[in-house]
1. Ser49's amide H: which non-local residues (gap 5+, or another chain) put their own amide H closer than 5 Å, with H modeled 1.01 Å from N in plane and none for Pro or chain starts?
2. Go through region 105-111 residue by residue and turn each phi into a ³J(HN,Hα) via Karplus (6.51, -1.76, 1.60, θ = phi - 60°); whole Hz please, and just put x for glycine and proline.
3. Tell me which lysines have Cα within less than 21 Å of Lys38's Cα, excluding those fewer than 8 residues away on the same chain?
4. Once you have the Cα-Cα distance between Gln11 and Thr108, take 0.36 nm times their residue separation minus that, and quote the gain in nm to one decimal.
5. Looking at the chain, identify the longest residue range that excludes and avoids all GluC sites (Glu not before Pro) in DSSP loops having at most 13 other Cβ atoms within 10 Å.
6. Tell me which trypsin sites (Lys or Arg not before Pro) from region 19-65 have a DSSP coil assignment and no more than 16 other beta carbons within 10 Å of their own.
7. With springs only between Cα atoms under 10 Å, which of Ile75, Ile89, Ile112 fluctuates most in a Gaussian network model of the chain?
8. Please work out which option in [x] 10.9; [y] 8.5; [z] 9.1 gives mean projected area of the Cα convex hull in nm² calculated from these coordinates, and answer with its label.
Amino acid sequence: MATNTSVRSTQHETFTLERTYDFSPQRVYAAWADQAAKEQWFGGPDGWSNEYRLDFRVGGREYNKTVSPEGKAYIYNAEYHDIVPNERIVYSYTMDCDADRLSVSVSTVELIPAGSKTRLVFTEYDAFLDGRDSQDDRKNGTGALLASLDRALQGVDRR
């Protein structure tokens, strides 16, 4: 997406995605809370390099740097603000592409029991900076990650 950085802008957007997983809230929560489990579904596409760290606790940080085969680096840097085990996760994060800040976001993951399943409600508030990213791109990317989470829970290859 070409931008003119001499003209600054901020676009505020909110979206919510809901998914139902065939697993308990405890199992879905563990896929977010454990670094090895989260690495199975959270990251860049096949063929991209990935550097990932997770310190899952209130005040803890999460870092994910994915680099495309062409050398473009996308950096996700998060901090956890509220964690209720098996129920809720609230965090904020920045997203950068190389040296450009794309966005600043606040996300909430709610895990709601639905019989033997879990209804996950993901809500995100975004401030997209200088036209470098969009709600459609973020919503599609988050949807792809939630689909990857489902495959990881089912024990299927993440992509």
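1. Under 5 Å from the amide H of Ser49: Val67.
2. Karplus-based 3J(HN,Hα) across region 105-111 equals 9, 10, 10, 10, 10, 10, 10 Hz.
3. Hits, sequence-local ones excluded: Lys65, Lys117, Lys139.
4. That works out to 33.0 nm of additional length.
5. Longest stretch, sites excluded: 88-159.
6. Arg57
7. Highest fluctuation of the listed residues: Ile112.
8. Answer by label: [z].
Every read-out reported here was derived from the displayed coordinates using simple, explicitly stated rules and does not represent laboratory data. Note that the structure is predicted; figures quoted are calculated from it, not measured. Quick reminder, even Gly has a Cβ in these numbers, built from the backbone with ideal geometry, and neighbours come from all protein chains shown.
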